[in-house]
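The values are calculated or read from the model by the stated rules, or taken from the named source; none is laboratory data. These numbers were taken from a predicted model, which means no experiment stands behind them. Here the Cβ positions follow ideal geometry from the backbone for every residue, glycine too, while neighbour counts run over all protein chains shown.
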Amino acid sequence: MKNKTYAVITAFVALALFSSACSGAAQATPDVATISTAAAQTVEARFTQQAAANTATPPAPVETSSATATSTPGIVSGQTSEPGLPASTTNGKACYAATFLADVTIPDGKIIAPGAKFTKTWRIRNDGNCVWDRSYSLTLAQGDALGSLAKVAMTSTVKPGESVDLSLDMAAPSAEGSYAGFWRIATPFGGSFGVGSYDQALIVKITVSAKPSRDFGSVSVVYGTTRKPQKGCIDKGAAYTFSATITVNGPGEIGYRWDRNPSDGTVGTGKLTFKDAGTQTVYFIWNLQPEAVQNIDRWVALTTIVDTTVTTFDKVSFNFTCNP
């Protein structure tokens with residue numbers, strides 16, 4: 001800063017001497033000290049003005065409006081009353097969750113004549129935290145539409161905790177064979193969901209046949225098991241109760257028996273009569289005494305008999321022990 005000041009003063013002095021030389025001898029010789037003083041004051045004044053400009057109070061910022069929160073469809077941003085939008089999930093529940101309750105009509109494998117019309121109905125429960133309304137729809141994920149539209153809007157509003165029957169009008173193909181369609185619930189925001197903890201599709205599965213009696217049979221068996229007591233043994237040991245829910249695809253009579261290994265004791269047998277496609281449940285109790293061999297692999301399985309067709313379904317394995 002000092003070097004710049006001296007340079008400016010020197011310039012003023014030189015200018016003054018030059019002016020004096022040009023003006024002739026008539027003019028008085030200027031006072032060099034006076035010129036230096038004036039130049040220094042001029043430079044100081046300029047520096048003072050510049051400093052004031054640099055330290056001046058900046059203008060107040062222009063006030064702007066605050067940002068407006070927006071909500072993206074399908075993303076939960078709080079409670080809303082607008083139909084179809086996801087509700088708050090602050091209670092910990094997922095927005096979309098559903099539980100399959102029953103095949104109200106057309107159990108899996110039902111025999112249907114070629115070209116026959118039918119209505120498939122599933123009963124499910126809304127176990128999520130979002131309301132389903134008429135903007136939701138059943139949509140075909142894969143498989144056969146069986147004469148139905150690939151996307152059918154829901155006809156009612158279903159609140160969390162409520163159950164609903166979902167129906168599709170269908171028709172059997174003209175060619176004999178087995179057909180299946182897999183359906184999901186489509187949301188109005190894109191994406192879809194199924195039922196159960198594994199997000200499974202709703203299934204319609206039929207057998208098309210011109211001779212239903214020829215194709216009658218058991219389609220599936222679902223097991224259940226309970227133990228009393230749950231752990232350890234009482235004086236009489238432990239009692240295992242096995243259940244088997246049998247699904248058939250039409251009217252007819254079916255025989256069954258319980259197979260088990262090791263095959264000590266009696267084995268349950270019986271017959272079931274079905275007026276139409278549907279399900280029935282049978283039970284078998286296996287009492288194991290404390291003296292029975294423990295810590296070995298045991299199993300139980302159900303076998304069905306239709307005319308000369310014998311079908312043994314999957315085994316239920318367990319290990320008997322009296323240890324707590």
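Is it fair to say residue 181 is of a type outside the set (Val, Ile, Thr), within 30 Å of residue 258 (Cα to Cα) and in a strand (DSSP E or B)? Criteria not met by residue 181.
Residue-by-condition table, conditions (1) without any contact (Cβ under 8 Å) to a residue 60 or more places away in the chain; (2) assigned to a strand (DSSP E or B); (3) more than 30 Å from residue 110 (Cβ to Cβ); (4) polar (S, T, N, Q):
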residue	(1), (2), (3), (4)
222	yes, yes, no, no
225	no, yes, no, yes
240	no, yes, yes, no
243	yes, yes, no, yes
247	no, yes, no, yes
259	yes, yes, no, no
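With respect to being closer than 30 Å to residue 147 by Cα and touching a residue at least 24 places away in the same chain (Cβ under 8 Å), residue 306 falls outside the description.
Residues that are within 39 Å of the chain's Cα centre (by Cα) and over 20 Å from residue 137 (Cα atoms) are absent from region 184-196.
Output the residues belonging to region 215-248 that are aliphatic (A, V, I, L, M) and over 12 Å from residue 277 (Cα atoms). 221, 222, 234, 238, 239, 244 - these are the residues of region 215-248 that are aliphatic (A, V, I, L, M) and over 12 Å from residue 277 (Cα atoms).
Screening residue 231 on (1) at pLDDT below 90; (2) among the basic types (Lys, Arg); (3) in contact with an Asp or Glu (Cβ under 9 Å, 6 or more places away or on another chain) shows it passes everything except condition (3).
For (1) exposed (fewer than 14 other Cβ atoms within 10 Å of the Cβ); (2) without any contact (Cβ under 8 Å) to a residue 40 or more places away in the chain; (3) within 17 Å of residue 201 (Cβ to Cβ), each residue gets a yes or a no:
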residue	(1), (2), (3)
119	yes, no, no
141	no, no, yes
145	no, yes, yes
160	no, no, no
183	no, no, yes
186	no, no, yes
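Here is the figure for region 141-172: residues that are part of a loop (DSSP other than H, G, I, E, B) and under 21 Å from the mean Cα position of the chain (by Cα) total 6. Restricting the search to region 305-324, which residues are more than 38 Å from the chain's Cα centre (by Cα) and closer than 19 Å to residue 242 by Cβ? Correct list: 305, 320, 321. Those strands (runs of 3 or more DSSP E) of region 263-324 in which at least 3 residues are surrounded by 11 or more Cβ atoms within 10 Å (Cβ to Cβ) and of a type outside the set (A, V, I, L, M, F, W, C), considering only elements entirely within it, cover 278-288, 297-306, 309-312. For region 121-134, a tally of residues being in a loop (DSSP other than H, G, I, E, B) and either outside the structural domain of residue 200 (by TED's automatic domain parsing) or surrounded by 15 or more Cβ atoms within 10 Å (Cβ to Cβ) (or both) returns 6. Only a single criterion out of (1) closer than 18 Å to residue 259 by Cα; (2) at pLDDT below 90 is not satisfied by residue 276, namely (1). The set of residues in region 228-238 that are free of Cβ contacts under 8 Å to residues at least 24 places away in the same chain and either part of a strand (DSSP E or B) or assigned by TED's automatic domain parsing to the domain that holds residue 110 (or both) comprises 228, 234.
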